[in-house]
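Okay, so here's the structure we're looking at.
The values are calculated or read from the model by the stated rules, or taken from the named source; none is laboratory data. Bear in mind the structure is a predicted one, so any value in this text is a computation, not a measurement. Please note: Cβ atoms are built from the backbone with ideal geometry, for glycine as well, and neighbour counts cover all protein chains shown.
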Amino acid sequence: MAVAFAPAVDLQGVTKVLLEFEECPEVARKMFAAGLSNAVARDGAADAGAARHDFQVRFLVATQNAVRDAHRSAVEKEAAALECAKTAEVELAAQQTVSKEATKVEQEAVVDTQSKASILQETKQQVAKSEREYKKVEEGKARFCKERDQVKQEYEQHSAIADGPLRMLSEGGWEDDEVKDSVIEAVVTHLQSFKADDVLLAAAPSALGTKPASRHPFDTITVECILSAFEAQGKKFTARLAEGEAEERLTLAHALGMWAVADVARDAQQTATGSSDAAAANLEIKAGNAQVEAKKAADKENAVVAIRSQHALAVERVQATQEAVVALERMIANEYKSAETEPAKDVMMEAEPVKDVIMEEAISIQASEPVAVATKMEEDQPAGMASPSLIAGA
């Protein structure tokens, strides 16, 4: 079924294309749009065979060239817009790849940061554990060493009394009774400290307070027992110190080892802290870079949307100009059904009173300042079609 066209619709479409043809001077566009309805009118006849005024023919040729130039310009702009859209889509795809890679790097940095943070937490726990163990060992060492020092101190005191007061008394080397009494008290007190026999304690002051030459057999035996008791006590001290010497070395070595373990743990924590801080700083950089690249991708995506919209408008413009070319040919040939001819004639003849004025103005503009698009169209003028310049010079 053939599509019916209305002259008024064709006129409106062609006029719109002419007015929107930015490459054509504005004054010429307005003249074309204003004079078109009069130019397509025929002198009292609606059939295709009726003659048009010479001005009408020349005006229609210039108008037709302008519409064709508008179509050519629209085609070129659509091609440029399409190429621009393709370029923008390629750039978008490339930027999306960069953005994805930046996001991947950021995720790797997140994993690395979490791993380093976990290691740091483990080292902190290890430090706390090793320090607790070291503190426990150190406390045990302190108790052991205190006990050892007490034994050593008692042994030194024992040796001092044995080598000092006891020897003086056994050899009778005191000078006066005051000195004798003080040293006897020291020896007896020491005998009491290691729980010597009560009989020995009772006989000790008298026996020790007698010069060796004046001692009775009982006194001599008592002094010999005291010397033996001191010697036995000295051996006990020596044995206790000897028995604890190996344990002392082990305890000191254990404490030193635990200190080393804690120190190594502290070093590991310090290293882990540095690694964790570096990973966090790297993550901040990578996250910032990912945001930048994501924004670039979003900007390019928005640009692609805008360019696609521009291309869609360019496509619509191509279609509109193509339809205008056909519509103008239809208007020139008056190819409308008879039922539609009369309304079209009325519309086109509405501007009849100013026909000659508008025609003259358009022709004058064309003659004095040829329309740029019309001149351009002359290069591609179809065979058999008169160019505007030729008509103007007729």
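In this structure, does Leu252 turn out to be surrounded by fewer than 18 Cβ atoms within 10 Å (Cβ to Cβ) and either touching a strand residue (DSSP E or B) at 6+ places or on another chain (Cβ under 8 Å) or within 30 Å of Leu120 (Cα to Cα) (or both)?
Details: surrounded by fewer than 18 Cβ atoms within 10 Å (Cβ to Cβ): yes; either touching a strand residue (DSSP E or B) at 6+ places or on another chain (Cβ under 8 Å) or within 30 Å of Leu120 (Cα to Cα) (or both): no.
Considered against the rule, which asks whether it is surrounded by fewer than 18 Cβ atoms within 10 Å (Cβ to Cβ) and either touching a strand residue (DSSP E or B) at 6+ places or on another chain (Cβ under 8 Å) or within 30 Å of Leu120 (Cα to Cα) (or both), Leu252 comes out as no.
Residues Glu231, Glu156, Glu131: which one is within 30 Å of Asp263 (Cβ to Cβ) and at pLDDT 85 or above? Explain how you work it out, then say what you get.
Working: Glu231 fails: within 30 Å of Asp263 (Cβ to Cβ); Glu156 fails: within 30 Å of Asp263 (Cβ to Cβ).
Result of the check over Glu231, Glu156, Glu131: Glu131.
Looking at Val57, Val90 in this structure, which one is under 60 Å from the mean Cα position of the chain (by Cα), over 17 Å from Tyr336 (Cβ atoms) and in a helix (DSSP H, G or I)?
On the way: Val57 fails: under 60 Å from the mean Cα position of the chain (by Cα).
That would be Val90, the only listed residue that is under 60 Å from the mean Cα position of the chain (by Cα), over 17 Å from Tyr336 (Cβ atoms) and in a helix (DSSP H, G or I).
Residues Ala278, Ala287, Ala203: which one is modelled with pLDDT of 90 or more and buried (at least 16 other Cβ atoms within 10 Å of the Cβ)?
Numbers: Ala278 fails: buried (at least 16 other Cβ atoms within 10 Å of the Cβ); Ala203 fails: modelled with pLDDT of 90 or more.
Answer to the selection: Ala287.
May I ask you to say which residue of Ala262, Ala306, Ala327 is farther than 30 Å from Thr113 by Cα, among the hydrophobic types (A, V, I, L, M, F, W, C) and at pLDDT below 95? Before you say what the answer is, go through the steps one by one.
Details: Ala262 fails: farther than 30 Å from Thr113 by Cα; Ala306 fails: at pLDDT below 95.
Criteria check complete, one pass: Ala327.
Pick out the one residue from Gln64, Gln114 that is of a type in the set (S, T, N, Q), surrounded by 13 or more Cβ atoms within 10 Å (Cβ to Cβ) and closer than 30 Å to Ile285 by Cα. Reasoning before the result, please.
On the way: Gln64 fails: closer than 30 Å to Ile285 by Cα.
Going through Gln64, Gln114 in turn, the sole match is Gln114.
Quick one: Cys145 ticks every box in (1) touching an Asp or Glu at 6+ places or on another chain (Cβ under 8 Å); (2) under 30 Å from Ala203 (Cβ atoms) except a single one, so which number is it?
Of (1) touching an Asp or Glu at 6+ places or on another chain (Cβ under 8 Å); (2) under 30 Å from Ala203 (Cβ atoms), only one is false for Cys145: (2).
Somewhere in segment 192-214, is a residue touching a residue at least 24 places away in the same chain (Cβ under 8 Å), in contact with a Lys or Arg (Cβ under 7 Å, 6 or more places away or on another chain) and of a type outside the set (Ser, Thr, Tyr)?
Yes, segment 192-214 contains at least one residue that is touching a residue at least 24 places away in the same chain (Cβ under 8 Å), in contact with a Lys or Arg (Cβ under 7 Å, 6 or more places away or on another chain) and of a type outside the set (Ser, Thr, Tyr).
The conditions are (1) of a type in the set (Ser, Thr, Tyr); (2) touching a residue at least 12 places away in the same chain (Cβ under 8 Å); (3) within 30 Å of Glu284 (Cα to Cα), and Thr97 fails exactly one of them. Which is it?
It fails just one condition, (2).
Any residue in segment 15-26 that is under 14 Å from Ser37 (Cβ atoms) sitting within a Cβ distance under 6 Å of a residue that is modelled with pLDDT under 95 and among the aromatic types (Phe, Trp, Tyr)? List the pairs, counting only those 6 or more apart or interchain.
Correct list of pairs: Leu18/Phe32.
Tell me whether segment 128-139 contains one or more residues that are in a helix (DSSP H, G or I), small (Gly, Ala, Ser) and over 51 Å from the mean Cα position of the chain (by Cα). Steps first, please.
Our first condition is that a residue be in a helix (DSSP H, G or I); within segment 128-139, this holds for 128-139.
If we keep only those that are small (Gly, Ala, Ser) too, we end up with 128, 130.
From the residues that got through so far, the ones that are over 51 Å from the mean Cα position of the chain (by Cα) too are none.
No, that holds for no residue.
Any residue at all in segment 198-210 that's outside any helix (DSSP H, G or I) and either over 30 Å from Ala253 (Cα atoms) or not aromatic (Phe, Trp, Tyr) (or both)?
Of segment 198-210, the ones outside any helix (DSSP H, G or I) are 209-210.
Adding the requirement that they be either over 30 Å from Ala253 (Cα atoms) or not aromatic (Phe, Trp, Tyr) (or both) leaves 209-210.
Yes, there is a match, as at least one residue in segment 198-210 is outside any helix (DSSP H, G or I) and either over 30 Å from Ala253 (Cα atoms) or not aromatic (Phe, Trp, Tyr) (or both).
Are any residues in segment 160-189 in contact with a Phe, Trp or Tyr (Cβ under 8 Å, 6 or more places away or on another chain) and either among the polar types (S, T, N, Q) or closer than 17 Å to Gln233 by Cα (or both), and if so, which ones?
Here is the first cut: in segment 160-189, the residues in contact with a Phe, Trp or Tyr (Cβ under 8 Å, 6 or more places away or on another chain) are 161-162, 166, 168, 180, 183.
Once the filter is applied, which keeps residues that are in contact with a Phe, Trp or Tyr (Cβ under 8 Å, 6 or more places away or on another chain) and either among the polar types (S, T, N, Q) or closer than 17 Å to Gln233 by Cα (or both), segment 160-189 yields Ile161, Ala162, Leu166.
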